[in-house]
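This report refers to the structure that appears directly beneath it.
Just so you know, all these numbers are worked out from the coordinates, no wet-lab data involved. All figures in this text were calculated on a predicted structure; none of them were measured in a lab. All Cβ positions, glycine included, derive from the backbone under ideal geometry; neighbour counts span all protein chains shown.
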Amino acid sequence: MTALCLLQLPVKAFMNARWYRWVTNDVRARGLLHGFAIFLASAAGLSLLALAAHADSFSKVYYDAQTDQLVVVVRYRGTNPDHKFSLKWGKCVESQHGEPPALSVEVLDDQWRDQAQRDFKKMTRFSLAELPCRPAKVTLRTAPRFIYTLVIPG
């Protein structure tokens, strides 16, 4: 519902342009321009839906203290269940207010260009033996903008 409202804004701006009102005195031109405006709004909406449908997301993230691992359940779309996920660690950033240092981590999909045909769910475990700082406030990110933050104890 919100996406539909957002798509109406460019159509209304297009139809309120001075040149548009001048051209639309002709009935045929008005029909063509209305059709073009609707086509542009539809194309923009479909491209937004395609981006959202292909994105990886996390359905569950937690720290397993017994194995010292970060457990991430990833939901993704593709043609096969054999996607492998890896982590790209950022640098530790000291906090100003006595909180643990912040650490950004990208979750990378080795088949990120795989066609989004079916839904898959995969549990992945990542060792934290080489974690550069502890305790740490870890923020996981995946494309386009799915974010999850948790604290890893010392």
**Q.** Taking VAL93, VAL74 and counting other C-beta atoms within 10 Å, the order from fewest to most
**A.** VAL93, VAL74
Q) Can you give the Rg to Rh ratio of region 100-154, both from alpha-carbon atoms, with Rh computed by the Kirkwood formula? A) 1.04
Q. What does the charge count near GLY78 come to, summing +1 for each Lys or Arg and -1 for each Asp or Glu among other residues with Cβ under 14 Å from its Cβ?
A. +1
Q) In the neighborhood of TRP112, defined by Cβ-to-Cβ distances under 12 Å, what is the net charge if each Lys or Arg adds +1 and each Asp or Glu adds -1? A) -2
**Q.** Low-density loop cleavage sites - trypsin sites (Lys or Arg not before Pro) in region 70-154, where at most 10 other Cβ are within 10 Å (DSSP)
**A.** LYS84, LYS91, ARG113, ARG145
